[in-house]
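Scroll down for the structure; my scribbles are underneath it.
The values are calculated or read from the model by the stated rules, or taken from the named source; none is laboratory data. This structure is a prediction, so every number in the text was calculated from the model and none was measured. Using ideal geometry, Cβ is built from the backbone for each residue, glycine included, and neighbour counts are taken over all protein chains shown. Side chains included, ligands, DNA and RNA excluded: accessible areas come from the protein's heavy atoms. Shrake-Rupley method; radii C 1.70, N 1.55, O 1.52, S 1.80 Å.
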Amino acid sequence: MKSGNKGLEQVKRWSDAVNAQIEDIVKGVPPFPLVRECLENINPKADAMCISQTPAEALKREWAEHGLDGFVKMIAGQEMGTKTEHIKFAAVGKYAAAKILMIGDAPGDFNAAKKNGALFYPVNPGNEESSWEHLFHEALGRFFAGSYAGDYEAQLVKELDDCLPEKPGW
């Protein structure tokens, strides 16, 4: 890609090199326990999609490698916009806000959900396995029953906030 901007060309080369390294390195890394079961539970009841700032090609490869791609209607990577835009284009105006649930592991995911009026379920860094277990055994049931919003969601978000460092090392 030639843009005429030397700085952008350098960034593009760097980005392509990082993506190639990730493709070489990230293989055979299974999903957390109960991710598949959560997706199996979600799939017949909702239109699920994967949204990420990872390149779409890498997402599609990783989801296919583990047989998870059949559980989502779409896999949207960084080329398709921000997570806020992904939710907006895919769900806002098509579903009531209480029927949209973003599952994520960072404050940016929470912000993307809230900017669209959606609900949020946190996968807590360092406690991913217990987060997926809780989603599978309790939170999805509450979401589908309509009893997720409010105090229940707020408590889960507080748990995410509590596990994040005040001053990240980066």
Could you run through the stretch 115-133 and say how many residues are modelled with pLDDT of 95 or more and at positive phi? 1
Can you confirm whether S130 is without any contact (Cβ under 8 Å) to a residue 12 or more places away in the chain, closer than 27 Å to L164 by Cα and of a type in the set (S, T, Y)? yes
Across the stretch 115-139, which residue is most open to solvent (accessible area, probe 1.4 Å) among those that are outside any loop (DSSP other than H, G, I, E, B) and of a type in the set (S, T, N, Q)? S130
Of the residues in the stretch 155-170 that are open to solvent by less than 60 Å² (accessible area, probe 1.4 Å) and in a helix (DSSP H, G or I), the one that is modelled with the lowest pLDDT is C163
Would a scan of the stretch 141-151 turn up a residue that is in a strand (DSSP E or B), under 24 Å from E85 (Cα atoms) and hydroxyl-bearing (S, T, Y)? no
Quick one: is A112 closer than 18 Å to Y148 by Cβ and at pLDDT below 95? no
Whether any residue in the stretch 71-83 is exposed (fewer than 15 other Cβ atoms within 10 Å of the Cβ) and in contact with an Asp or Glu (Cβ under 8 Å, 6 or more places away or on another chain) is what I want to check. yes
Here the residues within the stretch 84-95 that are open to solvent by less than 60 Å² (accessible area, probe 1.4 Å) and either part of a loop (DSSP other than H, G, I, E, B) or under 22 Å from G150 (Cβ atoms) (or both) are I87, A91
